[in-house]
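This report refers to the structure that appears directly beneath it.
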Amino acid sequence: MGRMPVPPSLATPAIDRRHLLRLALASATLATPAALIGLPRKAHAQARWRFDPFALGVASGSPAADGVVLWTRLVAPGLFDSLGTEPLPVRWEVAHDEAFSRLAASGQALATPELAFSVHAEVQGLAPDRWYFYRFISGGVTSPVGRTRTLPAPEARVARLRLAYASCQRWEHGLYGAYRHMREENLDLVLFLGDYIYEYPNAAAAVRNFPTLATVVTLADYRERHALHRGDPLLQAMHAACPWVVTWDDHEVQNDYAGPLPGDGRPWGLNGASDFVARRSAAYQAFYEHMPLRAADFLRGAGVQGTHQVMLPRRYRFGQLADLVMLDTRQWRDAQVCGDPQHRSGMVDPATCPALDDPSRTLLGAAQEQWFDQAMAQAGSGWTVIGQQTLFGRRDGRVGSGEQVWNDGWDGYGAARRRLTDSLQRHRVRSPVMLGGDVHENWVGHVKADYVRPESASVGVEFCGTSITSRSAAGAMATKRMAENPHFVFAEGTRRGYGVCEFTPGAMRTTLRVLDDATRADARVETLARFAVQAGRPVVERG
Ligand SMILES: [Fe+2]
């Protein structure tokens, strides 16, 4: 339930199931890899790792009312050390208590070299609306303990949901002090809304360095970049604290790419621009390998030229209280229009570019738009939270006379945005809340029925987050820009951090949490602003 149906052309080939079966059979006669030592090969069960294979930590996500995905990835200590060429069994345990004296579920997953020895254990049979502890065991080593929870039953009356929304954690722009504070927020869930990694370095004024300051292009590159981030203890601790629901933006692949088309910046692919889909495929695979996603969400070889796809659009129901709808605005979008001919993306004067609002252009792709409309038709009487990548509301970015909009965001796809707001209205969605990231600034405002007429009705509210670490190019201009965009009620661009939303049946409250210095792991956090929205009334109030 809840998953966007795969269009027929994207269906998983049957070979995948046979492939999995082969792997399962292989595990029955598992050979001991060279790195497992200490006992004869026959006594594999007692073999021991000489090192901690859980150096990337643990994570959970994609929760359901009866289960959750548990994630880890086995790694060798050195970059070029290998775990061998055979699949490795990994035991997982879910317990009611932190000492693991009362197990709720346990099983064995297979970490395969094809998927970088990542583990995606899909736990079922858990009780709804409950917290659990989990861990993995491999080669005599036990992983750190994570904490996770299930969703409430679909019909349950739920009193409260607390989630944080976060995005844009450029490695070299800061340390992850934000996550140290996020852990104290008593969250049910983290929504990560894109730019988990950046594919190219921004070495100027870097506060920490990459082991290799290079642009990532190959599968090995993307794996290394993800593993670099997952080695950070503060990020690891936040992943271990509660389930995450994730989507991506452009930098998980390449700056401002559009569907199968490369965006700004070279190299486009190993062999030039024509190779971009292969690069995208590698990036998608590495993303899947490092996120707590379901196996069915990784569509191996199902895309153009046999490339991989990842299905991120999905619905999560928090009983009667809230419905969370996650979107992907990257994988199926049309090209940006009227921008720089070389790069496509850019600031565009809408008066000179009618193509911005061409109804034939799409940001979500036709299948996802249709799926979204169906999700809105089924929206309950509670909150409808829409998690996506970027600023939703129209934003004239030019201070003074004339207009300039960013053609890579929703402003570059006006008709597609209109179809989304039409869908909210047509299905009388009672309390829509748009959450986004990407802009590295905090923007708060009203979702308008028609952004061409800012005086038109509010049909929802919007909270677009700042970044965990990534710097803002024009952050100091945010207040001036807001003055020309009256459907927004708050903008601040110089502070890094995250937002916390608390939903109750009658109201939602959003607290913008910002750091005094995102370049420090021991940064202090403070509240930048607080907002309240009453259920059924799309008006943002301060306080
Ligand atoms: Fe970003």
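The values are calculated or read from the model by the stated rules, or taken from the named source; none is laboratory data. Since this is a predicted model, take the numbers as computed values, not measurements. Glycine gets a Cβ as well: all are built from the backbone with ideal geometry, and neighbour counts include every protein chain shown. Note: accessible area is taken over every heavy atom of the protein model, side chains too, but ligands, DNA and RNA are not part of it. Shrake-Rupley method; radii C 1.70, N 1.55, O 1.52, S 1.80 Å.
Key figures for this structure:
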read-out: Qualifying position, being over 24 Å from the mean Cα position of the chain (by Cα) and modelled with pLDDT under 95, among E541, E455, E526; value: E455
read-out: Test: residue in the stretch 411-431 that is within 16 Å of the ligand (Cβ to nearest atom) and either crowded, with 18+ Cβ neighbours inside 10 Å or part of a loop (DSSP other than H, G, I, E, B) (or both); value: no
read-out: Looking only at the stretch 156-183, and only at residues there that are part of a loop (DSSP other than H, G, I, E, B) and of a type in the set (K, R), the one that is most open to solvent (accessible area, probe 1.4 Å); value: R157
read-out: Some residue of the stretch 263-271 being away from the ligand (no atom under 16 Å from the Cβ) and at pLDDT 95 or above; value: no
read-out: Residue tally, condition in a loop (DSSP other than H, G, I, E, B), among the aliphatic types (A, V, I, L, M) and open to solvent by 50 Å² or more (accessible area, probe 1.4 Å), over the stretch 349-385; value: 0
read-out: G393, sole failed condition from (1) more than 16 Å from the ligand (Cβ to nearest atom); (2) open to solvent by 10 Å² or more (accessible area, probe 1.4 Å); value: (2)
read-out: Residue count, the stretch 381-413 (criterion: under 16 Å from V459 (Cα atoms) and over 21 Å from the mean Cα position of the chain (by Cα)); value: 3
read-out: Hits in the stretch 184-203 (condition: part of a loop (DSSP other than H, G, I, E, B), more than 16 Å from the ligand (Cβ to nearest atom) and either over 22 Å from the mean Cα position of the chain (by Cα) or not charged (D, E, K, R) (or both)); value: N186, L187, A203
read-out: Subset of the stretch 143-155 [under 16 Å from D97 (Cα atoms) and either over 22 Å from the mean Cα position of the chain (by Cα) or open to solvent by less than 10 Å² (accessible area, probe 1.4 Å) (or both)]; value: S143, P144, V145, G146, T148, T150
read-out: Long-range neighbours under 7 Å by Cβ, at least six apart or interchain, first residue farther than 15 Å from L261 by Cα within the stretch 337-350, second hydrophobic (A, V, I, L, M, F, W, C) and open to solvent by 70 Å² or more (accessible area, probe 1.4 Å); value: M347/W406; V348/C338
read-out: Candidate set from the stretch 229-261 (those that are among the β-branched types (V, I, T) and touching a Leu at 6+ places or on another chain (Cβ under 7 Å)); member that is farthest from the ligand (Cβ to nearest atom); value: V245
read-out: Residue that is farthest from T72 (Cα to Cα), among those in the stretch 278-318 that are of a type in the set (S, T, Y) and under 13 Å from the mean Cα position of the chain (by Cα); value: Y284
read-out: Failed item, numbered, when G125 is tested on (1) open to solvent by 60 Å² or more (accessible area, probe 1.4 Å); (2) touching a helix residue (DSSP H, G or I) at 6+ places or on another chain (Cβ under 6 Å); value: (2)
read-out: Flag if A206 is more than 15 Å from the chain's Cα centre (by Cα), open to solvent by 20 Å² or more (accessible area, probe 1.4 Å), hydrophobic (A, V, I, L, M, F, W, C) and within 16 Å of the ligand (Cβ to nearest atom); value: yes
